[in-house]
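The values are calculated or read from the model by the stated rules, or taken from the named source; none is laboratory data. Given the structure is predicted, the values throughout are model-derived calculations rather than measurements. Cβ placement follows ideal geometry from the backbone for every residue including glycine, while neighbour counts extend to all protein chains displayed. Surface accessibility is based on the protein's heavy atoms, side chains included, excluding ligands, DNA and RNA. Shrake-Rupley method; radii C 1.70, N 1.55, O 1.52, S 1.80 Å.
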Amino acid sequence: MEKKFKRTLITSALPYANGPVHIGHLAGVYVPADIYARFLRLKGEEVMFVGGSDEHGVPITIRAKKEGVTPQDIVDRYHNIIKDSFEELGITFDVYGRTTSETHRKNASDFFRTLYDKGEFIEKTSEQLYDEEAGEFLADRYVVGTCPHCGNENAYGDQCEACGTSLSATDLINPRSALSGSTPVLRETSHWYLPLDKWEPALRQWILEDHKEWRSNVYGQCKSWLDMGLQPRAVSRDLKWGIPVPVEGAEGKVLYVWFDAPIGYISNTIDADPEGWEKWWKDPETRMLHFIGKDNIVFHCIVFPAMLMAHGGYNLPDNVPANEFLNLEDKKISTSRNWAVWLHEYLKELPGKQDVLRYVLTANAPEAKDNNFTWKDFQARNNNELVAILGNFVNRAIVLTHKYFDGVVPPAATLEPVDEALIEQLRALKTELTEALETFHFREALRVAMDIARAGNKYLQETEPWKMAKTDMVRTATILNLALQTCANLAIVFEPFMPFMSAKLIGMLGMGEISWDMIGRFDLIEPDTRVGEAQLLFEKIEDSVVEAQVAKLKEAEKQNLLEQWKPEEVKAEVDFPTFEKMDIRVGKILECKKVPKADKLLQFRIDDGMGGRTIVSGIAKYYDPADLEGKEVCFIANFAPRKLKGVVSEGMILSAQDADGRLVVIGPTGEVRPGSSVG
């Protein structure tokens, strides 16, 4: 029998405050967490929704060093950007804290000290890379070198971003310090470890036996870790930025961020409810849910629960509805390559479209597998679903009410079978919707919600009130009453998904307080209530809007390539007589056209000062033929003729490959007579 709880504590993964949040974070964690929190509030349940910024860890110190500022400067900047962006998107945290707060510093220190005093840690000495020039031990992210698997020369000490392989810093070939660029050496250092193996039997029972209802991706990853056998995990690091380890002899050591960060959930709850925080964390009648991405499963299902078990007195999470990853335009989202849609930029560039983003990210939520976001799909879902289905139904219902009843809600008379069918369908959809939300199937829940709008449109098409008004106004009144009641139901149904649209619709219909148990009722708006003028709930998104966003992505990708670009190694030496055999000349392009049935080839007619020649070059991808006519280029004149796609080419036009892969033709900067030699 399913246990009933008095209240629910919802936590969402703490984003690193070393940059803004992007749509991958939103789809994976924050939008579903907010949908669920809003759903529970509408049901009248007691909820605490906890979020906050993770402000320690190596990525923050790396960005600070890169920008020449302090880590505190970095976290102050991005904490505010992230917090403000969440608020503008309608993410309803009850508290959004930070791990640099004084509350957290004390709470995390006390938590560590409790485990330390209970003898729950083991101390181990190991060899770690050390930067003698900087005088610091190097965390994995501070070590860069060549990946032993793919040869990427800029792999990090914990992972190669080129091939995705997890690494240890000592695996790297030719490692170098990100602090000084020098070659690090191995030195001994001591740290405290949480012996996860001690808690393996309890974790195995709790997860594999007691929580078989968890999502398959979560359950499967946990089982894999447990079957491999758990190992002690470090809870301290040799770093200058972080919460100092609160024991003697630990100078220069801080709490490892994955020990520190989840305690932040507790700290932020203390800030939100100083007197009653323990009921959220220690009362067995409180249910705790962790909303996270799949990369955080092990920390929230194994490491943090082991910490809570070791401490004693804390609840364990009842469920961890983790999502997979969201890709962008068929590529993996990458913050380092700026291949992302950043929330704060979206809000500025597409004002008033918070609900559109929430809708699309939920419709494409990566619940069972990685999914993909494209701007074309974003546009299509807005225009074909939000505008054409939901917005269209609401607009028709309100416009017709103003047309035939001067904007006053008419009373319903005798119901006919088509009316009863609408009511029955809506009540059935409420049951389906509620079940989907309660089991964290948010994509399915959104589909069911939109089915209510589809049912409304179908009802209007079947009853045709615009025709009925010519002969029977009583029947017309009934039809429009039910249509408006359906609109009122939609205002409630969509509140968790699209709160801004919901609030707008509630205002148009003159509704008061709403609750989940009101769904399925057809007396939500009293007859004689005056409804407001119809306002567009959603506007069509033009091609130019999404084209601009795609162009922005491509420009970011280009800039990243330029920043990462390095010249190729110089080829083997050649002697001067060999070079002299190459006859390089200047020619003027008289005519240029595409070679039929060859996407890459352009055919040139060149004035070479010697009667002219034809050259075929594979640069069609980068140039419009008309733009090249009249230009001067350099070409190799003494290559043997060869036939390409039926055209005899009498030379080779010189071009350079830029960092972004473009081929750029090479020519003189000033006017030179055709046929002039280059040498």
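Below, the figures for the structure above:
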quantity: Only listed residue being in a helix (DSSP H, G or I), open to solvent by 50 Å² or more (accessible area, probe 1.4 Å) and in contact with a Gly (Cβ under 8 Å, 6 or more places away or on another chain), chosen from Arg105, Arg63; calculated: Arg63
quantity: Residue within region 466-475 that is buried (at least 24 other Cβ atoms within 10 Å of the Cβ) and touching a residue at least 40 places away in the same chain (Cβ under 8 Å) present; calculated: no
quantity: Hey, Ala162 assigned to a loop (DSSP other than H, G, I, E, B), of a type in the set (A, V, I, L, M) and touching a residue at least 40 places away in the same chain (Cβ under 8 Å) or not; calculated: no
quantity: Selection status of Arg141, open to solvent by 40 Å² or more (accessible area, probe 1.4 Å), of a type outside the set (A, V, I, L, M) and under 19 Å from Val254 (Cα atoms); calculated: yes
quantity: Candidate set: region 240-284, residues that are more than 16 Å from Leu194 (Cβ to Cβ) and aromatic (Phe, Trp, Tyr); chosen: the one surrounded by the most Cβ atoms within 10 Å (Cβ to Cβ); calculated: Tyr265
quantity: Out of Arg287, Arg237, sole residue that is within 31 Å of the chain's Cα centre (by Cα), open to solvent by 30 Å² or more (accessible area, probe 1.4 Å) and modelled with pLDDT under 95; calculated: Arg237
quantity: Check on Ser85, polar (S, T, N, Q) and assigned to a helix (DSSP H, G or I); calculated: yes
quantity: Members of region 604-647 that are assigned to a loop (DSSP other than H, G, I, E, B), in contact (Cβ under 8 Å) with a residue 60 or more places away in the chain and open to solvent by less than 80 Å² (accessible area, probe 1.4 Å); calculated: Asp608, Gly609
quantity: Identity of the residue in region 159-173, surrounded by 13 or more Cβ atoms within 10 Å (Cβ to Cβ) and small (Gly, Ala, Ser), that ends up nearest to the chain's Cα centre (by Cα); calculated: Ala162
quantity: Test: Ala413 is closer than 30 Å to Ala469 by Cβ, small (Gly, Ala, Ser) and open to solvent by less than 20 Å² (accessible area, probe 1.4 Å); calculated: no
quantity: Scope region 145-158; condition open to solvent by 10 Å² or more (accessible area, probe 1.4 Å) and assigned to a strand (DSSP E or B); matching residues; calculated: Thr146, Tyr156
quantity: Residue check for Met511: closer than 21 Å to Lys43 by Cβ and free of Cβ contacts under 8 Å to residues at least 40 places away in the same chain; calculated: yes
quantity: Lys282 free of Cβ contacts under 8 Å to residues at least 12 places away in the same chain and either of a type in the set (Lys, Arg) or within 20 Å of Phe86 (Cα to Cα) (or both); calculated: no
quantity: Residues that are farther than 14 Å from Ala620 by Cα and either of a type outside the set (A, V, I, L, M, F, W, C) or within 39 Å of the chain's Cα centre (by Cα) (or both), drawn from region 658-676; calculated: Asp658, Ala659, Asp660, Gly667, Pro668, Thr669, Gly670, Glu671, Arg673, Pro674, Gly675, Ser676
quantity: Matching residues, region 16-29, being open to solvent by less than 30 Å² (accessible area, probe 1.4 Å) and farther than 20 Å from Val218 by Cβ; calculated: Ala17, Gly19, Pro20, Val21, His22, Ile23
quantity: Pick from region 648-676, criterion open to solvent by 70 Å² or more (accessible area, probe 1.4 Å), more than 17 Å from Leu590 (Cα to Cα) and assigned to a loop (DSSP other than H, G, I, E, B), ranking: modelled with the highest pLDDT; calculated: Thr669
quantity: Only one of Arg443, Arg454 that is within 28 Å of Leu40 (Cα to Cα), in contact (Cβ under 8 Å) with a residue 12 or more places away in the chain, open to solvent by 60 Å² or more (accessible area, probe 1.4 Å) and more than 24 Å from the chain's Cα centre (by Cα); calculated: Arg454
quantity: Subset tally (residues that are surrounded by fewer than 18 Cβ atoms within 10 Å (Cβ to Cβ), aliphatic (A, V, I, L, M) and part of a helix (DSSP H, G or I)) for region 66-80; calculated: 0
quantity: Identity of the residue in region 408-440, without any contact (Cβ under 8 Å) to a residue 60 or more places away in the chain and of a type in the set (Gly, Ala, Ser), that ends up farthest from Glu526 (Cα to Cα); calculated: Ala436
quantity: Complete set of residues in region 30-60 that are part of a helix (DSSP H, G or I), of a type in the set (Val, Ile, Thr) and open to solvent by less than 10 Å² (accessible area, probe 1.4 Å); calculated: Val31, Ile35, Ile60
quantity: Check on Ala534, touching a helix residue (DSSP H, G or I) at 6+ places or on another chain (Cβ under 9 Å), of a type in the set (Gly, Ala, Ser), under 17 Å from Gly407 (Cβ atoms) and open to solvent by 30 Å² or more (accessible area, probe 1.4 Å); calculated: yes
quantity: Options Thr99, Thr92, Thr8: the member that is open to solvent by less than 10 Å² (accessible area, probe 1.4 Å) and within 28 Å of Ala503 (Cα to Cα); calculated: Thr8
quantity: Residue in region 181-211 that is farthest from Thr146 (Cα to Cα), counting only those that are in contact with an Asp or Glu (Cβ under 7 Å, 6 or more places away or on another chain) and open to solvent by 20 Å² or more (accessible area, probe 1.4 Å); calculated: Ser190
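Yes/no per residue for (1) modelled with pLDDT under 95; (2) within 30 Å of Lys332 (Cβ to Cβ):
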{"position": "Val29", "(1), (2)": "no, yes"}
{"position": "Ile35", "(1), (2)": "no, yes"}
{"position": "Ser53", "(1), (2)": "no, yes"}
{"position": "Lys65", "(1), (2)": "yes, yes"}
{"position": "Glu87", "(1), (2)": "no, yes"}
{"position": "Thr103", "(1), (2)": "no, no"}
{"position": "Leu115", "(1), (2)": "no, no"}
